[in-house]
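Colleague: Quick one: this structure, given as structure tokens, is what I'll be asking you about.
The values are calculated or read from the model by the stated rules, or taken from the named source; none is laboratory data. Since we're looking at a predicted model, the values are computed, not measured. Reconstructed Cβ throughout: ideal geometry from the backbone, glycine too, with neighbour counts over all protein chains shown. Please note that ligands, DNA and RNA were not included when accessible areas were found on the heavy atoms of the full protein model with its side chains. Shrake-Rupley method; radii C 1.70, N 1.55, O 1.52, S 1.80 Å.
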Amino acid sequence: MSQGPQKILYVEDNPVNRRLVCRVLTHAGYVMLEAEDGLSGIQIAQEERPDLILMDIMIPSMDGYQVTTKLKSLPELANTPIVALTARAMEGDRERALIAGCDGYIPKPIDIDHLPLQIAEFLGGKREEIEGSAEERLVLQQEYSQELVSRLEEKVRELQKANAELHRTDELKSKFISIAAHELKTPLTVIQGYLTMMLDTRGHMRAELSETLRLPIEGIARGLERFNAIVNEMLDITRIESGTLELHRQLMLVKDAITNAVHKLESAAGERGLTIKLSPMSGLSLIQADAGRLRQVFFNLLSNAIKYTPDGGEINISTKIIQGVEVTHPNHPVRDSGTFIEIVFEDTGIGIDLEEQERIFGHFYEVRDVDLHSTSKTRFMGGGLGIGLAIARGIVEAHGGFLWAESEGRDEERCPGSRFRVLLPVED
Ligand code: ADP
């Protein structure tokens, strides 16, 4: 028996009933805990270990019988008296409650004057018994088991339906992205065409045009470049999802693709006081790969390392040849006996929580609130479309490689940093 006032958990979805019963029992000296549905009832019971549980039977989702059966199966609650409260008062309700594991039954409407005494009796050890012969009890038990199985079947059907609906919504989303990207591409190409007529080969305004147009034209050109990149990312994700990403393989040096990404981003990194350190990349063999696509992967990883590292931080890029991989990382186990070039992007940034380390490779996934979203490629915590990593992994996997993230966790103050590892197969 616990010290101090006894605790009673009342599982009931109707707030008016809850208030009334709680008021009466609090007045009688009990500490009341409340749960408005079965699942939270189970949780509170496990956490708080009440001395008695008052269980309304007609509650949403899991009913009071099922919640009772579950509670009685938990060793720490097996001896806690559970008293059923129900307004149904149909024939067999009392027996069903007792079969489900309840120790007593109080029909509604509750006799408020009598309730504290009834509760005290159950707390004092009163237990109701099922009347009838052993055979009758067996029949009741069978009926209850069958009912549980039917409810389970009903829930499985509901889940299957919800799952099918989710799949359909996901397909619709993919279709929408694909259509939107294709539709946007057409007017974009037209605007691009006209703009090209006004720019020279270096992307500056042609000398013969009026100087007053310089600012708007060069501004439109920059905006359009970004717009194009976004639409291309949308098209890429569609291709990766549908397995139609085409690779134009050629013999290439991984080193060149890495250097290309570094050159493109070093001035942006410099503006934020970030140092990019490139370890010596000698001894790497030529591989058959799509150079443009690998440049895209390294650009995405490096721009993320820049985005999620505070000003003044450091980004290290290292490469090596490895023979056979066995990664036991919980999120991304890898086992392969082949030869790979390993490229690691390591930053001193905010880091990534363990449970996010695989989710970030999902489509349109951002760890932060999307309201804070911007499509900057280099601003600190700039955010983006949330598909850069999905595309990067899609490309690496299309090459027969692997890409995953490692980090101690996310901490914007301490900055534990993140490591992104890319493995690209080398053909013997
Ligand atoms: P985004 O366009 O939002 O950068 P990504 O697919 O490239 O989309 O990345 C998904 C999410 O993964 C980011 O929103 C960010 O929360 C997290 N992330 C990616 N790279 C890093 C990194 N180097 N450090 C910390 N978090 C990262």
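Colleague: Give me the strands (runs of 3 or more DSSP E) completely within the range 279-356, filtered to those with at least 3 residues that are open to solvent by 50 Å² or more (accessible area, probe 1.4 Å), ordered by residue number.
Modeller: In the range 279-356, the matching strands (runs of 3 or more DSSP E) lie at 314-327, 334-347.
Colleague: Across the range 144-200, what is the number of residues that are closer than 20 Å to L235 by Cα and in contact (Cβ under 8 Å) with a residue 24 or more places away in the chain?
Modeller: 11
Colleague: Might you check whether a residue that is more than 13 Å from the ligand (Cβ to nearest atom), modelled with pLDDT of 95 or more and either touching a Cys at 6+ places or on another chain (Cβ under 6 Å) or of a type outside the set (K, R) (or both) occurs anywhere in the range 351-361?
Modeller: no
Colleague: Here's a follow-up. Name the single residue that is most open to solvent (accessible area, probe 1.4 Å) among those in the range 239-278 being more than 30 Å from P310 (Cα to Cα) and in contact with a Leu (Cβ under 7 Å, 6 or more places away or on another chain).
Modeller: So the residue we want is L251.
Colleague: Now a separate question. Suppose we filter V190, V156, V149, V139 for residues that are more than 30 Å from I8 (Cβ to Cβ) and under 28 Å from the mean Cα position of the chain (by Cα); which single one remains?
Modeller: Only one candidate qualifies: V156.
Colleague: Same structure, new question: So, in the range 42-60, exactly how many residues are crowded, with 23+ Cβ neighbours inside 10 Å and of a type in the set (S, T, N, Q)?
Modeller: 0
Colleague: It is to be established whether one or more residues within the range 144-156 are surrounded by 15 or more Cβ atoms within 10 Å (Cβ to Cβ) and either in contact with a Ser or Thr (Cβ under 9 Å, 6 or more places away or on another chain) or of a type outside the set (S, T, N, Q) (or both).
Modeller: Yes, the range 144-156 contains at least one residue that is surrounded by 15 or more Cβ atoms within 10 Å (Cβ to Cβ) and either in contact with a Ser or Thr (Cβ under 9 Å, 6 or more places away or on another chain) or of a type outside the set (S, T, N, Q) (or both).
Colleague: Now a separate question. Identify, please: which residue in the range 400-419 is under 29 Å from S242 (Cα atoms) and open to solvent by less than 10 Å² (accessible area, probe 1.4 Å) and is, among those, farthest from the ligand (Cβ to nearest atom)?
Modeller: Top of the filtered list is G401.
Colleague: Considering only residues that are surrounded by fewer than 17 Cβ atoms within 10 Å (Cβ to Cβ), among the hydrophobic types (A, V, I, L, M, F, W, C) and either modelled with pLDDT of 95 or more or within 10 Å of the ligand (Cβ to nearest atom) (or both), which ones fall in the range 373-399?
Modeller: M381, the sole residue that qualifies.
Colleague: Considering every residue within the range 134-153, establish whether at least one is under 30 Å from V231 (Cα atoms) and in a helix (DSSP H, G or I).
Modeller: The answer is no; no qualifying residue exists.
Colleague: Filter the range 87-98 for residues that are open to solvent by 50 Å² or more (accessible area, probe 1.4 Å), farther than 18 Å from K126 by Cβ and not in a loop (DSSP other than H, G, I, E, B) and give the result.
Modeller: Within the range 87-98, R96 is the sole residue that qualifies.
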